[in-house]
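First comes the structure, then the notes that go with it.
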Amino acid sequence: MSARSRQPSERAQLDLFHAVPGEFAPRDAQDLMAYPFFSLAKSKRVAPIDFKAGDITIRVEAVPDHGMATIWDADILIWAASQIVNARDAGLRTSRLMATTPYEILTYVGRGVSMRDYQRLKAALDRLQSTTVATSIRQPAEGRRHRFSWINEWQERTDRDGRPIGVELILPDWFYRAVLDDALVLTIDRAYFDLTGGLERWLYRIVRKHGGRQSFGWSFDFGHLHQKSGSLSPLKHFAYDLREIVKRQPLPGYRLTIEQQPGGPDILSFVAVDPTFFTPPRPRRKSATRFGDKL
């Protein structure tokens, strides 16, 4: 028997954490909010994301079969982060190996529970597993990069009779360590899941990360925002889309304004306006047939 075949699998070395249903607050990892890690388009993206700012470097790569993980796929990571933080705060032992049902993920992030929704969830898991990231963020040595996929692996779970009962997934250590660090996680508004556009979802995360609850808010020039988005859209089109978002004011808890500087770049400013900051939990979706338990 070869040395490779004798090595235990990653799954065998991890304790299994069973996700706990509940309406606890959504949590997001600050690194994922601040930098371009996901495609903002609903169409398949294969072109990589390359980002550099100071000592921070990020390269995100996709495979043609699945395309790059999208900002909607990242809802699964928000669900996972929320599960881990809630369980840890309740004194439960957490793990990178998580077991749940598709129904629990979909209802938590405000999705439907039709068979089409379950197929989309499986496609999202495939994209998260096949997308690779190489980054210098939180690396101890200059020039060193950590390479990982958003999900190391995932599989459908079955009972002793072979009937599907849910899914298991393994999170990467880079993400898991961030989620366990209170300084690297933020609570987000549950209304985030209602945002339908990729750019406005990305913008909310940037605004939440940098604007926080500060009375004076924060601001970025359009060019810097364009770079941080990783968007393939030209700056001219990106700027137009930003102005349309400002007209609609869709971001929960924040007011957006544009400052036009003579001879200089336009500036997007944002400030928290909701005194309660977060909306209360909304009722879980109800379904007569829980397809998720039968995936």
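The values are calculated or read from the model by the stated rules, or taken from the named source; none is laboratory data. Owing to the predicted nature of the structure, the values given are computational and were not obtained by experimental measurement. Positions of Cβ are generated from backbone atoms using ideal geometry, with glycine treated the same way; all protein chains shown enter the neighbour counts.
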Exercise. Pick out the one residue from Arg59, Arg88 that is in a helix (DSSP H, G or I) and among the charged types (D, E, K, R).
Key: Arg88
Quiz item: Just one of the numbered conditions (1) modelled with pLDDT under 95; (2) crowded, with 18+ Cβ neighbours inside 10 Å is not true of Val273; which one?
Solution: (2)
Quiz item: So, in the range 27-66, of the ones that are polar (S, T, N, Q) and in contact with a helix residue (DSSP H, G or I) (Cβ under 9 Å, 6 or more places away or on another chain), which residue ends up surrounded by the fewest Cβ atoms within 10 Å (Cβ to Cβ)?
Solution: Gln30
Exercise. Report yes if Leu225 is touching a strand residue (DSSP E or B) at 6+ places or on another chain (Cβ under 9 Å) and part of a loop (DSSP other than H, G, I, E, B), otherwise no.
Key: no
Quiz item: Would you say Ala123 is out of contact with any helix residue (DSSP H, G or I) (no Cβ under 7 Å at 6 or more places or on another chain), assigned to a helix (DSSP H, G or I) and surrounded by fewer than 20 Cβ atoms within 10 Å (Cβ to Cβ)?
Solution: yes
Exercise. Working only within the range 11-22, note down all residues that are surrounded by 13 or more Cβ atoms within 10 Å (Cβ to Cβ) and part of a loop (DSSP other than H, G, I, E, B).
Key: Leu14, Ala19, Val20, Pro21, Gly22
Quiz prompt | Those residues of the range 126-154 which are in a helix (DSSP H, G or I) and crowded, with 20+ Cβ neighbours inside 10 Å, in sequence order | solution = Arg127, Leu128
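Each row is one residue, and each column tells you yes or no for (1) aromatic (Phe, Trp, Tyr); (2) surrounded by fewer than 16 Cβ atoms within 10 Å (Cβ to Cβ); (3) within 26 Å of Ala62 (Cβ to Cβ).
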| position | (1), (2), (3) |
| --- | --- |
| Gly217 | no, no, no |
| Gly223 | no, yes, yes |
| Ser231 | no, no, yes |
| Lys236 | no, yes, yes |
Quiz item: Restricting attention to the range 181-198, which residues are surrounded by 14 or more Cβ atoms within 10 Å (Cβ to Cβ) and either part of a helix (DSSP H, G or I) or in contact (Cβ under 8 Å) with a residue 60 or more places away in the chain (or both)?
Solution: Leu184, Val185, Leu186, Thr187, Ile188, Asp189, Arg190, Ala191, Tyr192, Phe193, Gly198
Quiz item: What are the pairs, 6+ residues apart or on separate chains, where a residue within the range 219-238 that is free of Cβ contacts under 8 Å to residues at least 12 places away in the same chain has its Cβ under 6 Å from a residue that is among the polar types (S, T, N, Q)?
Solution: none
Quiz item: If you take the residues in the range 41-56 that are touching a Pro at 6+ places or on another chain (Cβ under 9 Å) and in a loop (DSSP other than H, G, I, E, B), which one is farthest from Tyr192 (Cα to Cα)?
Solution: Val46
Quiz item: Within the group Arg116, Arg160, which residue is among the charged types (D, E, K, R), in a loop (DSSP other than H, G, I, E, B) and out of contact with any strand residue (DSSP E or B) (no Cβ under 9 Å at 6 or more places or on another chain)?
Solution: Arg160
Quiz item: at pLDDT below 95, among the polar types (S, T, N, Q) and farther than 10 Å from Met33 by Cα: does that describe Gln227?
Solution: no
Practice problem: Quick one: Trp174 ticks every box in (1) outside any strand (DSSP E or B); (2) modelled with pLDDT under 95 except a single one, so which number is it? | Solution: (2)
Quiz item: Within the range 64-85, can you find the residues that are assigned to a helix (DSSP H, G or I) and either of a type outside the set (Phe, Trp, Tyr) or farther than 30 Å from Lys42 by Cα (or both)?
Solution: Ala74, Asp75, Ile76, Leu77, Ile78, Ala80, Ala81, Ser82, Gln83, Ile84, Val85
